[in-house]
Amino acid sequence: QVQLVESGGGLVQAGGSLRLSCAASGRTFGNVGWFRQAPGKEREFVAAITSIGSSVTYADSVKGRFTISRDNAKNTVALQMNALKSEDTAVYSCALTYAKATRNPASYNFWGQGTQVTVSS
């Protein structure tokens, strides 16, 4: 079993930065994705990283502003978010899969509870 816990969310002004962290316990070695969901909208892919960090993928909306990384020694995956915009406001969740890391949330087996990110304009 895998447990995922996100942290680092909060309120930030537009143009600011936040760093989210996803801490994993249990069987942790897998591909990890970050997703977000704003009120009234569907869950949206943000970024993904393979199990050894050899490949990363980003949504076009965050490319160049967000960076995903992982530290397998600490069982953590981080999402550095810079140049935040009001449209980045959402609940951000990390997820883990032992299959291929895709943009489809249905590919992921384990999910954290999410952390709220609010960007004020």
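The values are calculated or read from the model by the stated rules, or taken from the named source; none is laboratory data. Bear in mind that the values here come from a model prediction, so they are computed numbers and not experimental data. All Cβ positions, glycine included, derive from the backbone under ideal geometry; neighbour counts span all protein chains shown. All accessible areas refer to the heavy atoms of the entire protein, side chains included, with ligands and DNA or RNA removed. Shrake-Rupley method; radii C 1.70, N 1.55, O 1.52, S 1.80 Å.
The figures follow:
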| quantity | calculated |
| --- | --- |
| Checking residue 86 against (1) open to solvent by 40 Å² or more (accessible area, probe 1.4 Å); (2) modelled with pLDDT of 95 or more; (3) closer than 23 Å to residue 27 by Cβ, the condition it does not meet | (3) |
| Exclusive hit being within 24 Å of residue 119 (Cα to Cα), under 14 Å from the mean Cα position of the chain (by Cα) and assigned to a loop (DSSP other than H, G, I, E, B), set 63, 41 | 63 |
| Total residues in the range 94-116, condition closer than 18 Å to residue 52 by Cα, open to solvent by less than 20 Å² (accessible area, probe 1.4 Å) and small (Gly, Ala, Ser) | 1 |
| Filtered residues of the range 28-58 (kept if at pLDDT 95 or above, surrounded by fewer than 20 Cβ atoms within 10 Å (Cβ to Cβ) and among the aliphatic types (A, V, I, L, M)) | 38, 56 |
| Per-region count, the range 59-83, residues hydroxyl-bearing (Ser, Thr, Tyr) and either open to solvent by 50 Å² or more (accessible area, probe 1.4 Å) or touching a His at 6+ places or on another chain (Cβ under 8 Å) (or both) | 2 |
| Residue satisfying condition, being of a type in the set (Lys, Arg) and touching a residue at least 60 places away in the same chain (Cβ under 8 Å), within set 70, 65, 36 | 36 |
| Residue check, residue 14 more than 15 Å from residue 116 (Cβ to Cβ) and either under 11 Å from the mean Cα position of the chain (by Cα) or open to solvent by less than 40 Å² (accessible area, probe 1.4 Å) (or both) | no |
